[in-house]
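K.L.:
Have a look at this one before I ask anything.
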Amino acid sequence: MSSPVPSRVQACGFLARLGLAAALPFLPARVALAAPDSHAPVIAVQAPAPNGADAKTWPCQQPFVPKLSPELFWESPPAPDPNWQNDAALAKLVAEISSRDLPVSDATAKLQSYFSALPAPERRQKLPALFTGLFQTIAAERNAVMLRLLALGKRQLGLAETVRKLESEESDEAALQREFALRALQSEGQTLRYVCQIPQELEARLGAFVRILQAGQ
């Protein structure tokens, strides 16, 4: 007698009993930024960065790079400007073009238009603030995505271990539970193929911005 097809509710309940989060749709939360037309201050939320010890739960094929440093994008980057958010127009631009909702081509065009319109002395003056704002904002979102990926990797390891243990049991209940876990693994595996690309997409976005700043300084 074949085991019944597990329902989503049954699967969630079973995985909760195992102490594992159910394989719900996994989409990383965006870094909280004020809307472009908002009068609220723009804040780059600094998510804690992963560290090298987390590599054992890294679920992606891409190399595990725990956190970014300015030197990865600029050999001698401008000195950090901790007050970059005090410039309302600059902070608004950073929020707009850092968002992955805006295509990179449109984002780079906005940055190019803003930066090239500044007189040369003002470009040099604003360069540290622009670089600091863009780096901090994109690095913060990348940190958040990395932490979510590591959590998903840990959950996948737990599910795989559950499947391995249940393979040695022959009861109908064990077969049903194994089906729950396998379906959860498959669901999260499909999501991983998308989410694993996001850190590199963020790095490429920041790299495109840096090239504009370097060319226009």
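The values are calculated or read from the model by the stated rules, or taken from the named source; none is laboratory data. Quick caveat, the model's predicted, so the values are computed rather than measured. Glycine also receives a Cβ, built like all others from the backbone with ideal geometry; neighbour counts cover every protein chain displayed.
K.L.:
Sort through Arg183, Arg164, Arg178, Arg148 and tell me the only one that's out of contact with any Phe, Trp or Tyr (no Cβ under 9 Å at 6 or more places or on another chain) and in contact (Cβ under 8 Å) with a residue 24 or more places away in the chain.
P.N.:
Checking each option against the conditions leaves just Arg183.
K.L.:
Still on this structure, please answer the following. Exactly one of these conditions fails for Thr137: (1) over 31 Å from the mean Cα position of the chain (by Cα); (2) part of a helix (DSSP H, G or I); (3) among the hydroxyl-bearing types (Ser, Thr, Tyr). Give me its number.
P.N.:
(1)
K.L.:
Within region 188-199, is there a residue that is part of a helix (DSSP H, G or I), at pLDDT 75 or above and farther than 25 Å from Val65 by Cα?
P.N.:
no
K.L.:
Restricting the first residue to region 39-62 and requiring it to be farther than 21 Å from Gln200 by Cβ, which pairs with a second residue that is of a type in the set (Lys, Arg) and at pLDDT below 70 meet a Cβ separation below 6 Å and a spacing of at least six or different chains?
P.N.:
none
K.L.:
Scan region 181-202 for residues that are under 16 Å from the mean Cα position of the chain (by Cα) and surrounded by fewer than 17 Cβ atoms within 10 Å (Cβ to Cβ) and jot them down.
P.N.:
Selection gives Thr191, Arg193, Tyr194, Gln197, Gln200, Glu201.
K.L.:
Write out, first by first residue and then by second, each pair whose Cβ atoms fall under 8 Å of each other, whose residues are 6+ apart or on separate chains, and whose first residue, in region 95-110, is surrounded by fewer than 19 Cβ atoms within 10 Å (Cβ to Cβ) while the second is β-branched (Val, Ile, Thr) and in a helix (DSSP H, G or I).
P.N.:
Going by the 8 Å Cβ cut-off, the qualifying pairs are Arg100/Ile198; Thr108/Ile97; Thr108/Ile212; Lys110/Ile97.
K.L.:
Exactly one condition in (1) assigned to a helix (DSSP H, G or I); (2) over 12 Å from Leu202 (Cα atoms) is not met by Leu118; state its number.
P.N.:
(1)
K.L.:
What pairs come out if I take residues in region 66-79 that are under 14 Å from Leu213 (Cβ atoms) and pair them with residues that are assigned to a loop (DSSP other than H, G, I, E, B) whose C-beta lies under 8 Å away, six or more apart or interchain?
P.N.:
Between residues of region 66-79 that are under 14 Å from Leu213 (Cβ atoms) and residues that are assigned to a loop (DSSP other than H, G, I, E, B), the close pairs are Pro70/Pro77; Pro70/Pro80.
Here's the yes/no breakdown for (1) at pLDDT 95 or above; (2) among the hydrophobic types (A, V, I, L, M, F, W, C); (3) touching a helix residue (DSSP H, G or I) at 6+ places or on another chain (Cβ under 8 Å); (4) in a helix (DSSP H, G or I):
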site	(1), (2), (3), (4)
Ser3	no, no, yes, no
Cys12	no, yes, no, yes
Arg30	no, no, yes, no
Pro36	no, no, yes, no
Val45	no, yes, yes, no
Asp54	no, no, yes, yes
Val94	yes, yes, yes, yes
Ile97	yes, yes, yes, yes
Lys110	yes, no, yes, yes
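K.L.:
Have a look at Arg148, Arg178, Arg164 and point out the one that is out of contact with any helix residue (DSSP H, G or I) (no Cβ under 6 Å at 6 or more places or on another chain), surrounded by 14 or more Cβ atoms within 10 Å (Cβ to Cβ) and either among the polar types (S, T, N, Q) or part of a helix (DSSP H, G or I) (or both).
P.N.:
Residue meeting the stated conditions: Arg148.
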